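K.L.:
Just dropping this structure here.
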Amino acid sequence: QVKLVESGGGLVQAGGSLRLSCAASGSIFSGNAMGWYRQAPGKQRELVAHITSRGNTNYADSVKGRFTISADNAKNTVYLQMNSLKPEDTAVYYCNAGGVLYSGSYYIGDYWGQGTQVTVSS
């Protein structure tokens, strides 16, 4: 029912910025929350940030103060603004829809995009 397409990844030097986009075929909030995940080589998939339909946001400790998640309901799109990028941020970034925020925790939804590669050079 929901198709997600990520874009905006690329190669950037440490200290640079990128903005990722996740465009949905329908409402971005098929659940009550959406999240950005990333998968780096040799590491488990990590929840980077999430946003609820009410606009509440949360971030992994590793990206707090550097990344910002936002949503544009009119465009059915969520964004991840990434500033002060570090080589440790290198990963494939995935958008997840249909998630639910419950008791302060994000529960993964059923819908995923294809991923977009972010590479940060030192």
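K.L.:
Being closer than 11 Å to Val118 by Cβ and in a loop (DSSP other than H, G, I, E, B) is true for just one of Gly31, Gly16. Which residue is that?
P.N.:
The unique qualifying residue is Gly16.
K.L.:
Can I ask one more? Select from segment 1-16 the residues that are open to solvent by less than 60 Å² (accessible area, probe 1.4 Å) and more than 14 Å from the chain's Cα centre (by Cα) and write down the one among them that is nearest to Val92 (Cα to Cα).
P.N.:
So, considering only residues that are open to solvent by less than 60 Å² (accessible area, probe 1.4 Å) and more than 14 Å from the chain's Cα centre (by Cα), the one nearest to Val92 (Cα to Cα) is Gly10.
K.L.:
How many of the residues in segment 40-71 are open to solvent by 50 Å² or more (accessible area, probe 1.4 Å), under 20 Å from Val120 (Cα atoms) and out of contact with any Phe, Trp or Tyr (no Cβ under 7 Å at 6 or more places or on another chain)?
P.N.:
The total comes to 9.
K.L.:
To continue, here is another question. Does segment 57-77 contain at least one residue that is assigned to a loop (DSSP other than H, G, I, E, B), on the phi > 0 side of the Ramachandran plot and either out of contact with any Cys (no Cβ under 8 Å at 6 or more places or on another chain) or modelled with pLDDT under 95 (or both)?
P.N.:
Yes - at least one qualifying residue is present in segment 57-77.
K.L.:
Pull up segment 72-109, narrow it to residues that are charged (D, E, K, R) and more than 14 Å from Ser27 (Cβ to Cβ), then point me to the one that is most open to solvent (accessible area, probe 1.4 Å).
P.N.:
Across segment 72-109, the extreme among qualifying residues is Glu88.
The values are calculated or read from the model by the stated rules, or taken from the named source; none is laboratory data. Because the structure is a prediction, the values reported are computed rather than measured. When we count neighbours, we look across all protein chains shown, and the Cβ atoms used for this are built from the backbone with ideal geometry, even at glycine. Only protein heavy atoms, including side chains, enter the accessible area calculation; ligands, DNA and RNA are left aside. Shrake-Rupley method; radii C 1.70, N 1.55, O 1.52, S 1.80 Å.
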